[in-house]
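Read the structure below first, then the notes.
The values are calculated or read from the model by the stated rules, or taken from the named source; none is laboratory data. Worth saying up front: this structure is predicted, and the values here are computed from it rather than measured. All Cβ positions, glycine included, derive from the backbone under ideal geometry; neighbour counts span all protein chains shown. Just the protein is used for accessible areas: all its heavy atoms, side chains included, with ligands, DNA and RNA removed. Shrake-Rupley method; radii C 1.70, N 1.55, O 1.52, S 1.80 Å.
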Amino acid sequence: MSLSTEKKAKILREAKDRFRIASDYDRHNRIAAYEDMEFIANERSQWPEQIRKDRELANQPCLVINKLPVFIDQVVGDQRQNRPSIKVIPVDSNDDINTARILGGWMRHVQSISKSDIAIDHGFEHAVACGYGAVRVITDYVSDMTTDQEAYIKKIDNALAVYWGPCSEYDCSDAMYCFVVSNDMSKEEFEEKYKEQPVDFASDSMFVEYSKDTVRLAEYFVKEPMYTTIYQLSDGTIVKKLEEGQTYVKKRDVKSYKIMWYLLSGDSVLDYKEWPGKKYIPIIPIWGKEFNVGGKRYVRGLIRNAKDVQRMYNYWSSIDTEVVALQPRNPYFVTPEMIQNHQTMWDEAGKKNRFYLLFDPDRNFPSGPKREAPPQLSSALTQKIATTDQEMRDVIGLQKASLGMQSNERSGAAIRERKQEGDTGTFAFIDNLSRSIEHVGRVLLDIAPTILDTERIIRLGLDDGEFEFDAVNVQSSAGIINDLSVGTFDVVVTTGPSFTTQRSEARQSMQEFIQYYPAAAPLIGDLYAKAMDWVGADEFAERLTEVLPPAIKLKAALKKAKRNGASQEELEAIQAQFSGQQSNPVEESKVLISQIEVEIEKIKLLQEQEKLKALQIKNQLEFSRDKQSVEKAVDEILAERLNER
């Protein structure tokens, strides 16, 4: 249903008024964040304009030795090695744990198909650099031949173009509206799509650059309040509508929201639709560090307080370079008579490397041209550069050990402690990212019942990077199985190494375990091979599964079949196939006990052998001592006989 002209005018008027409020609400932070990004990306911004002009007019160097990106890269690198992951949990004991598992697996699937790492890394890097980052959740149809929808996590290139209404929560979940301004659409595309002349949406050109070839548009998300009444029946059931003959014991009014999305130009509402979620605007901010001073909010990134130190470093490095560069150009003391016939040669003396300079003798100065001694390098200047370099690390909070550089720490413990101090100082950025990803999970949880509202088989991501399939909203005589609209769930975020790192650590741990307990090798050999990185490891592991006990093979076969979306009949067929191969658990236990007893006897035998070796060594020592005593006694007797003679 299209909007009336009056409705469009009202929406546009309201949006413009709210945009002015949102723009003024955080303008001081936005300007500071823009200047931070400009300082990092534009080398000319690292010198004050007037000083740079004066030095350029005097042909003095204005060097930019930009050390700040190294610190940003260090924090971003730490984050990429320890990525947060989303887990869905039931809120109370009445909620289905299996449904929570399905929702969690679906979210990992969404992260996979979205390549969400790209969006999250982009937003986090900007949050570290200037304090502002953002990602978003969108929905789209799975293909052109279906009505099924899927969710995607996408990056927002310019987080400074996201404007929130007044809010107090970290994730801005309590904001009633939000704007995302962009200038990605060309004017030709706009005219062809909307059949009208493009008019830019009025916004600050400082944060969204003006272009004569594109049109500036604004996405406007707004929460529209809705009120419903819920009823509690005598058996405790909660319903939104009473059926004929039903009576209630309690009722209350519940406030909810309908979230609308509008696409606005400067003078028109171009498009609109209702967002599938009921609670959250699908824009997720990633903030740097936040402060509140007298009720006014301040946001900064990692390098805000280090900009003056960077300017000092550039200045002292430029002065040092200038002093060194001028040493071979020290002036000569000459008279006009000495150089008048060789003027060109002397004019080029400071520009070209000549082996000699000709001059005519002057009777008043028989010693000839004399050169001034070169200026000496200042140790104070060198010390100032070193001091400024250290001040930069002190201000940011990342010392040499945190950057992998050699410092005054010598022991491994001292290096780890200094690095841990740096990680602690920058942990607020990674912790804020975890909060943002947690909100991504809540947004996905909010829209899941709406976009996954039909009976279908969906792909679920697993912790090990693999996938399985499961059915949702399955109609049965017992009711709906895996009904995603029933239950209350929440999300938590855990942070740890990537799966590749975990696999490497697991491989090492399994190797140590097998060395300690060799009898376990036949039971976990396939897992150990699967954790290898060489070519053919999967095939190697698959062959090793053939020697596993039937019970383990059955469990692995069922797990693999579920991942491939096998039906219940196929699962039962697999169980029937393995039923004849199942061995008696009691007999298996006896065999296992026998194996353990054999290992124990082997250990006892080794212990006895070691005792025997120790006894042999002891006997040898005692024999040596006895032999020495006998020899000593014989020597004494012989000595006495000789004395008697």
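Residue-wise test of (1) closer than 25 Å to Tyr298 by Cβ; (2) touching a residue at least 12 places away in the same chain (Cβ under 8 Å); (3) within 24 Å of the chain's Cα centre (by Cα).
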site	(1), (2), (3)
Ile72	yes, yes, yes
Asn98	no, yes, no
Gly104	no, yes, yes
Ser114	no, yes, yes
Ile118	no, yes, yes
Ala134	yes, yes, yes
Val142	no, no, no
Thr146	no, no, no
Cys172	yes, yes, yes
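Do the conditions hold for Ile286, that is, is it closer than 20 Å to Trp164 by Cα, touching a Phe, Trp or Tyr at 6+ places or on another chain (Cβ under 8 Å) and not in a loop (DSSP other than H, G, I, E, B)?
Numbers: closer than 20 Å to Trp164 by Cα: yes; touching a Phe, Trp or Tyr at 6+ places or on another chain (Cβ under 8 Å): yes; not in a loop (DSSP other than H, G, I, E, B): yes.
Here the answer is yes, as Ile286 does meet what is asked.
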Exactly one condition in (1) in contact with a strand residue (DSSP E or B) (Cβ under 8 Å, 6 or more places away or on another chain); (2) surrounded by 20 or more Cβ atoms within 10 Å (Cβ to Cβ) is not met by Tyr25; state its number.
(2)
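Go over the candidates Ser186, Ser211, Ser203, Ser173 one by one and state the one that is at pLDDT below 95, polar (S, T, N, Q) and within 23 Å of Ala428 (Cα to Cα). Lay out the reasoning, then the answer.
Values: Ser186 fails: within 23 Å of Ala428 (Cα to Cα); Ser211 fails: within 23 Å of Ala428 (Cα to Cα); Ser203 fails: within 23 Å of Ala428 (Cα to Cα).
Among Ser186, Ser211, Ser203, Ser173, only Ser173 is at pLDDT below 95, polar (S, T, N, Q) and within 23 Å of Ala428 (Cα to Cα).
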Return the residues of region 62-85 that are open to solvent by less than 40 Å² (accessible area, probe 1.4 Å) and either hydrophobic (A, V, I, L, M, F, W, C) or in contact with an Asp or Glu (Cβ under 6 Å, 6 or more places away or on another chain) (or both); say none if nothing qualifies.
Cys62, Val64, Leu68, Phe71, Ile72, Val75, Val76
Examine region 154-161 for a residue that is assigned to a strand (DSSP E or B), crowded, with 18+ Cβ neighbours inside 10 Å and either among the basic types (Lys, Arg) or within 30 Å of the chain's Cα centre (by Cα) (or both), and state whether such a residue exists.
yes
Just the residues that are in contact (Cβ under 8 Å) with a residue 24 or more places away in the chain, closer than 19 Å to Gly301 by Cα and open to solvent by 20 Å² or more (accessible area, probe 1.4 Å), please, taken from region 33-56.
Tyr34, Met37, Ile40
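Only one of Val215, Val254, Val181, Val249 is surrounded by 10 or more Cβ atoms within 10 Å (Cβ to Cβ), free of Cβ contacts under 8 Å to residues at least 40 places away in the same chain and touching a helix residue (DSSP H, G or I) at 6+ places or on another chain (Cβ under 7 Å); which? Step through it out loud before you land on a result.
On the way: Val215 fails: free of Cβ contacts under 8 Å to residues at least 40 places away in the same chain; Val254 fails: touching a helix residue (DSSP H, G or I) at 6+ places or on another chain (Cβ under 7 Å); Val249 fails: touching a helix residue (DSSP H, G or I) at 6+ places or on another chain (Cβ under 7 Å).
The conditions single out Val181.
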All but one of (1) at pLDDT 90 or above; (2) open to solvent by 70 Å² or more (accessible area, probe 1.4 Å); (3) under 25 Å from Asp463 (Cα atoms) hold for Asp121; which doesn't?
(2)
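Going through region 462-490 one residue at a time, which ones are buried (at least 17 other Cβ atoms within 10 Å of the Cβ) and closer than 24 Å to Asp92 by Cα? Even if it seems obvious, please write down each step before you answer.
Initially, region 462-490 is screened for residues buried (at least 17 other Cβ atoms within 10 Å of the Cβ), giving 468, 470, 472-473, 482, 484, 487, 489.
If the condition is that a residue be buried (at least 17 other Cβ atoms within 10 Å of the Cβ) and closer than 24 Å to Asp92 by Cα, then Asp470, Val472, Asn473, Asn482, Leu484, Gly487, Phe489 are the ones that fit.
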What are the residues in region 568-594 that are touching a helix residue (DSSP H, G or I) at 6+ places or on another chain (Cβ under 9 Å), at pLDDT below 70 and surrounded by 11 or more Cβ atoms within 10 Å (Cβ to Cβ), if any?
Phe578, Gln581, Gln582, Ser583, Glu588, Leu592
Take Ala129 and tell me if it is in a helix (DSSP H, G or I) and touching a residue at least 12 places away in the same chain (Cβ under 8 Å).
yes
What are the pairs with Cβ atoms under 7 angstrom where one residue, in region 539-552, is closer than 19 Å to Ile574 by Cα and among the aromatic types (Phe, Trp, Tyr) and the other, located anywhere, is at pLDDT 75 or above and part of a helix (DSSP H, G or I)? Sequence gap at least six, or different chains.
none
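State yes or no: is Ile238 more than 27 Å from Asp431 (Cα to Cα) and at pLDDT 95 or above?
Values: more than 27 Å from Asp431 (Cα to Cα): yes; at pLDDT 95 or above: no.
Answer is no for this residue.
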Hits in region 420-473 - residues which are over 17 Å from Val142 (Cβ atoms), more than 14 Å from the chain's Cα centre (by Cα) and small (Gly, Ala, Ser)
Gly422, Gly425, Gly441, Gly465
Look at Glu244 and say whether it is outside any strand (DSSP E or B), open to solvent by 90 Å² or more (accessible area, probe 1.4 Å) and not hydroxyl-bearing (Ser, Thr, Tyr).
yes
Gly294 - would you say it is under 30 Å from Ile430 (Cβ atoms) and surrounded by fewer than 17 Cβ atoms within 10 Å (Cβ to Cβ)?
yes
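Restricting attention to region 437-457, which residues are in a loop (DSSP other than H, G, I, E, B) and open to solvent by 10 Å² or more (accessible area, probe 1.4 Å)? Before you say what the answer is, go through the steps one by one.
Taking region 437-457 and keeping what is in a loop (DSSP other than H, G, I, E, B), we get 452-455.
Listed by number, the residues that qualify are Asp453, Thr454, Glu455.
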